[in-house]
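Okay, handing you the structure first.
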Amino acid sequence: VATTFAVWRALVARDPVGPRIKALAARRAMLKAELMGPGGPVAAPSVQLGLMRRLVLKLNLMRGKTALDATLKLSRAGMRSKDALVIYLFCRFCLPFAAGGAALVSIQWLHIFQMSDFLGLTVSILACLVGTLAPGIYVSNAASKRRVAIQKGLPDGLDLLVICAEAGLSLDAALTRVSRELGASAPELADELGLTAVELTFLPERQKALENLNQRTNMPSIRGVVNTLHQ
């Protein structure tokens, strides 16, 4: 079964453009709603997500500096929706208890692993620690892989951006065109440039869109490009 699944995953063609277009459309709709005021339709969350959201809101986990730091980390990993923040905060709170409880039940009650009480308690505490660190490690690894992918596609993106600028396109039009051209070869960079083009259109201060690009990527090469565009 595992071999069949692996072969199927390798042979199935994936469309990197479709999810990116949906994400950009959602970001465009959110910015437009913020500028036009409340009153737009809100999609109903799933039952599981609703339970997570209620728990997170009840514990006030989405307030304060911790939530802001988590939002920034998730955005650097390409996870920018509010649902991603809810799931991340829920996992950070519940996963230590789940991991520690599972280890304790497996050792003390089900006796799957034969060990002394002291060693079993130690393993349970280590499981709690792993559950505490696992969400952060996962997001950090995803952000690191995303930075590498953006760095690989940046030279081609800059070449296309220069060509668009020499052709007379404005900055937001050039970013949109480059994002469309790089959709298949460098979807991560295309996502960032497309989102920047959307924010350039809707944000009151265009400089804020470039600062957001700098914050989301956290890369020296992108910082140099942003400084150049500022000038």
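The values are calculated or read from the model by the stated rules, or taken from the named source; none is laboratory data. Computed from a predicted model, the values in this text were never measured in an experiment. For neighbour counting, all protein chains shown are included, and Cβ atoms are generated from backbone atoms with ideal geometry for every residue, glycine included. Ligands, DNA and RNA are excluded from the accessible area calculation, which covers all protein heavy atoms including side chains. Shrake-Rupley method; radii C 1.70, N 1.55, O 1.52, S 1.80 Å.
Identify the single condition in (1) open to solvent by 70 Å² or more (accessible area, probe 1.4 Å); (2) over 19 Å from Ile222 (Cβ atoms); (3) free of Cβ contacts under 8 Å to residues at least 12 places away in the same chain that Thr122 does not satisfy, given that it satisfies every other one.
For Thr122, the failing item is (1).
Cβ-Cβ under 7 Å, sequence separation 6+ or interchain: first residue in the range 1-18 and open to solvent by less than 100 Å² (accessible area, probe 1.4 Å) and modelled with pLDDT under 85, partner outside any helix (DSSP H, G or I) and not charged (D, E, K, R). Which pairs?
Listed pairs, sorted by first residue: Pro16/Gly183; Pro16/Ala184; Val17/Gly183; Val17/Ala184.
Among (1) over 30 Å from Ala99 (Cα atoms); (2) over 18 Å from the mean Cα position of the chain (by Cα); (3) of a type in the set (Val, Ile, Thr), there is one condition Ile125 misses while meeting the rest; what is its number?
Here Ile125 meets the rest and fails (1).
With Leu55, Leu59, Leu89 as the choices, which residue is more than 19 Å from the chain's Cα centre (by Cα) and surrounded by 14 or more Cβ atoms within 10 Å (Cβ to Cβ)? Outline the logic, then answer.
Working: Leu59 fails: surrounded by 14 or more Cβ atoms within 10 Å (Cβ to Cβ); Leu89 fails: more than 19 Å from the chain's Cα centre (by Cα).
Just one listed residue meets the conditions, Leu55.
Any idea which residue in the range 127-153 is farthest from Gly78 (Cα to Cα), counting only those that are among the aliphatic types (A, V, I, L, M) and touching a helix residue (DSSP H, G or I) at 6+ places or on another chain (Cβ under 8 Å)? Lay out the reasoning, then the answer.
Quick first cut of the range 127-153, residues among the aliphatic types (A, V, I, L, M) only: 127, 129-130, 133-134, 137, 139, 142-143, 148-150.
Now drop any that are not touching a helix residue (DSSP H, G or I) at 6+ places or on another chain (Cβ under 8 Å), which leaves 127, 129-130, 134, 139, 143, 149-150.
On the way: Ala127: 28, Leu129: 26, Val130: 24, Ala134: 18, Val139: 9, Ala143: 7, Ala149: 12, Ile150: 11 Å.
So, considering only residues that are among the aliphatic types (A, V, I, L, M) and touching a helix residue (DSSP H, G or I) at 6+ places or on another chain (Cβ under 8 Å), the one farthest from Gly78 (Cα to Cα) is Ala127.
Can you tell me which residues in the range 195-219 are closer than 20 Å to Arg146 by Cα and assigned to a loop (DSSP other than H, G, I, E, B)?
Within the range 195-219, Asn218, Met219 qualify.
Can you tell me which of (1) touching a residue at least 24 places away in the same chain (Cβ under 8 Å); (2) within 28 Å of Arg53 (Cα to Cα); (3) open to solvent by 70 Å² or more (accessible area, probe 1.4 Å) is the one Gln151 doesn't meet?
(2)
Asn141 fails exactly one of the following numbered conditions: (1) surrounded by 14 or more Cβ atoms within 10 Å (Cβ to Cβ); (2) part of a helix (DSSP H, G or I); (3) free of Cβ contacts under 8 Å to residues at least 12 places away in the same chain. What is the number of that condition?
With (1) surrounded by 14 or more Cβ atoms within 10 Å (Cβ to Cβ); (2) part of a helix (DSSP H, G or I); (3) free of Cβ contacts under 8 Å to residues at least 12 places away in the same chain applied to Asn141, the lone miss is (1).
Looking only at the range 49-78, count every residue that is outside any loop (DSSP other than H, G, I, E, B) and over 30 Å from Leu189 (Cβ atoms) and tell me the total.
Initially, the range 49-78 is screened for residues outside any loop (DSSP other than H, G, I, E, B), giving 49-58, 65-76.
Okay, now just the ones that are also over 30 Å from Leu189 (Cβ atoms), so 50-58.
Going through the range 49-78 one residue at a time, the tally reaches 9.
If you go through the range 180-194 one residue at a time, how many are under 19 Å from Val148 (Cβ atoms) and part of a helix (DSSP H, G or I)? Spell out how you get there, then give the answer.
We begin by selecting, within the range 180-194, every residue under 19 Å from Val148 (Cβ atoms); these are 182-193.
Those left that are additionally part of a helix (DSSP H, G or I): 187-193.
Total meeting the criteria: 7.
Among the residues of the range 180-207, what is the count of those that are under 22 Å from Ala143 (Cα atoms) and either open to solvent by 40 Å² or more (accessible area, probe 1.4 Å) or without any contact (Cβ under 8 Å) to a residue 60 or more places away in the chain (or both)?
Qualifying residue count, the range 180-207: 10.
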